[in-house]
Structure formats: structure tokens, C-alpha cells
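Chemist: Have a look at the structure that comes next, please.
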Amino acid sequence: MPRALGARAVAEELIRDPALDLTVEQWASRVLSSARTLRRDFLADTGLAFERWWLLCRLGAAVEFLAAAYDVDQVAARVGFASRNGLTRAFKGRSE
């Protein structure tokens with residue numbers, strides 16, 4: 001979890017709703033920061049690029065929904081993927 005205030009606020013919001021589909025620039029604007037600062041703070045505090053952190057957040061939420069026996073198509077939509085295929089590809093590519 002990022003320590004910097006703006007990055008932490010973004011992370012908390014994405015944990016609550018991983019399907020939120022804003023660009024890093026839009027997120028930065030919401031927390032009164034620049035996209036560059038937001039990216040730098042995520043990398044410094046988590047060791048991950050913002051986009052990678054967000055993907056892992058979405059996949060973590062997907063695992064929880066799948067464990068609760070939600071349908072794969074429902075899970076994909078709930079965590080922000082356009083389709084079951086997108087979710088499947090994300091899981092397959094997560095170790096890359």
C-alpha cells in the first residue's frame with residue numbers, strides 16, 4: 001500500500017472499486033497531484049508501476065469473487081474487464 005497521501009487515496013478507492021476506469025492523469029487530478037508524481041509515489045512505495053499495482057488489485061478482487069462462487073463473466077465485469085477473455089489473459093500474464 002502506498003504511503004504518500006495522494007497515492008494512498010487512489011489505492012484505497014481502487015481497492016473499494018477495482019473496476020473504476022480512470023487514466024492515471026484523471027486519478028492524479030482527483031488527488032491534486034501530477035500523473036508523474038502519482039506514478040513515482042506508487043513505484044517508490046510499492047515497488048510496482050501504478051498500472052501493474054492496479055492490475056494486481058483487480059486480480060486480487062477477482063480471486064475473492066471467484067472464491068465466493070460468482071460466475072466468471074460477472075467477476076470480469078465487477079473488476080473492470082470487458083470480458084471473461086480479458087480476465088483470463090490477465091491471470092495468465094500476471095507472472096510476466
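The values are calculated or read from the model by the stated rules, or taken from the named source; none is laboratory data. Here the structure is a predicted model, which means the values were calculated and not measured. Methodologically, a virtual Cβ is constructed for each residue, glycine included, from the backbone with ideal geometry; neighbour enumeration extends over all protein chains shown. In case anyone asks, the SASA skips ligands and DNA or RNA and just uses the protein heavy atoms, side chains included. Shrake-Rupley method; radii C 1.70, N 1.55, O 1.52, S 1.80 Å.
Chemist: Of the accessible area of region 1-93, with the probe set at 1.4 angstrom, what percent is carbon plus sulfur?
Modeler: Exposed carbon and sulfur together represent 53 percent of the surface.
Chemist: Roughly what angle does helix 50-67 make with the longest principal axis of the chain, taking Cα atoms, 0 to 90 degrees, to the nearest 10?
Modeler: Taking the Cα atoms of the chain, the angle to 50-67 is about 30 degrees.
Chemist: Calculate, in nm to one decimal, what residue 34 and residue 51 gain on full extension: separation in residues at 0.36 nm each, minus their alpha carbon distance.
Modeler: 4.6 nm
Chemist: Further question on the same structure: Full extension from residue 5 to residue 19: what is 0.36 nm times the residue separation minus their Cα-Cα distance, to one decimal in nm?
Modeler: Length difference between fully extended and current span is 2.9 nm.
Chemist: Over the chain, what relative contact order in percent results from Cα pairs under 8 Å that are six or more residues apart?
Modeler: Averaging sequence separation for qualifying contacts and normalising by length gives 27 percent for the chain.
Chemist: Note the angle between two axes, namely the Cα long axis of helix 5-16 and the longest principal axis of the Cα atoms of the chain, as a number of degrees from 0 to 90, rounded to the nearest 10.
Modeler: Around 10 degrees separate the two axes.
Chemist: Report, in cubic angstrom per residue, the convex hull volume of the C-alpha atoms of region 1-93.
Modeler: Enclosed volume per residue, from the Cα hull, is 85 Å³.
Chemist: Over region 1-79, with the other protein chains present, what is the accessible area per residue in square angstrom, probe 1.4 angstrom?
Modeler: With the other protein chains kept in place, region 1-79 gives 58 Å² per residue.
Chemist: Moving to a separate point now. Could you give the nm distance between label points at residue 69 and residue 89, where each point is 7 Å from its Cα heading toward the beta carbon?
Modeler: Roughly 3.2 nm, to one decimal.
Chemist: Which one, 69, 49, 61, has the greatest fluctuation when you compute a Gaussian network model over the chain with C-alpha springs under 10 angstrom?
Modeler: 69
Chemist: Another one. Measure out, as a whole number of angstrom, how far apart the alpha-carbon centroids of region 39-62 and region 71-90 sit.
Modeler: So the separation of the two Cα centres works out to 18 Å.
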